[in-house]
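Shown next, in structure tokens, is the structure this report addresses.
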Amino acid sequence: MEIQKIKRVRKIIFEVSEVADYLWQRGWAERNAGNISVNINHLINDDFKIKLNDYPSYKLSKTYPALAGMYLFVTGTGKRMRDLAKDPLKNALIIKMNSEGSAYRIISQKKRGHKFLPTSELPTHLLIHNKLAESNSSNKVVIHTHTNELVALTQIREYCNEEKLNKLFFGMHPETIIFVPRGVGFVEYSMPGSEDIADKTVKVLENHDVALWEKHGVFAVGESVPDTFDMIDILAKSARIFFMCKSAGYEPEGLSETELSRLISTFL
Ligand code: 13P
Ligand code: ZN
């Protein structure tokens, strides 16, 4: 049985392609920008068996013990979100980690001679999933995208500050505190694709579900693909309202502490 024929995995793949289209339509996914991963291990039955030796193994530069033996869906490096939307399995992969979590095999492509590798941001995706798996979290989805409105904020030194960012996000739109109650974490500019940015991202995700990468983009973690996308979308809306007021020449007022407290006591 091929893994992509498993019904529950097919649903996830469909949701990823749907969200990939939203990312492209919003202008957040220029060329190959962004990547998505989903830990699908809980969807695979124990009786699912494949001849692992038929698929080449790739050693990782770090070990992810909590991911040992797990199956993950991950987008391919250099792949376009607009193509992922049309043909997810030609633009993404299913990998199986080895029993130590130190290597993986790409099991979704024809045996030997597969044509592309996972995203260059794999260190961050795997470190996040490792952390989530350690705590048996129900969060299985990680989305990275280059959200214009959020990147623009991190081009302003004054907003390269967690407290300042969250005050802005919560103040611009009542939905934000309801659907992104833990706010965002800020990750200072670091080399994309590096272990360094992975470490910094995982650290801020201890207290938040969304990490803002200075001058680059956003990493969000959630239970489902649509819910994870929604958090980014809501934050982008808050930032958009802020910039709209500013570009009209007005200083946005923001919700008051009392208004925010009422939202918290009513919805959270
Ligand atoms: P990949 O094409 O390797 O996924 O990279 C896109 C990206 O957004 C890097 O930060
Ligand atoms: Zn990126």
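For the reader, a short list of remarks on this structure follows.
- Taking each DSSP H run with n ≥ 4 as -39500 (n - 2.57) and averaging over every residue of the chain yields -12500 deg cm²/dmol at 222 nm.
- Distance from the C-alpha centroid of the stretch 177-254 to that of the stretch 66-91: 22 Å, rounded to the whole angstrom.
- Accessible surface comparison of GLU175, GLU2, probe 1.4 Å, protein chains only, largest first: the order is GLU2, GLU175.
- Probe 1.4 Å, protein heavy atoms only - accessible area per residue of the chain in square angstrom: 49 Å²
- Solvent-accessible area, 1.4 Å probe, carbon plus sulfur percent, for the stretch 151-268: 54 percent
- Crossing angle, helix 7-25 versus the chain [Cα axis fit, 0-90 degrees, rounded to tens]: 40 degrees
- Angle between the chain longest axis and helix 122-134 axis [Cα atoms, degrees, rounded to 10]: 90 degrees
- When each of LYS11/LYS215; LYS215/LYS237; LYS90/LYS140; LYS79/LYS200; LYS62/LYS86; LYS79/LYS237 is checked by Cα-Cα distance, pairs over 30 Å: LYS11/LYS215; LYS62/LYS86
- Note on PHE179 and LEU52: the extension gain reaches 41.6 nm, defined as 0.36 nm multiplied by sequence separation minus the Cα-Cα distance.
- Between amide H atoms placed 1.01 Å from N, distances below 5 Å from GLY217 occur with no residue 5 or more places distant or on a separate chain.
The values are calculated or read from the model by the stated rules, or taken from the named source; none is laboratory data. Model, not experiment: these values are computed from the prediction. Accessible surface is based on the protein model in full, side chains and every heavy atom, while ligands, DNA and RNA are left aside. Shrake-Rupley method; radii C 1.70, N 1.55, O 1.52, S 1.80 Å.
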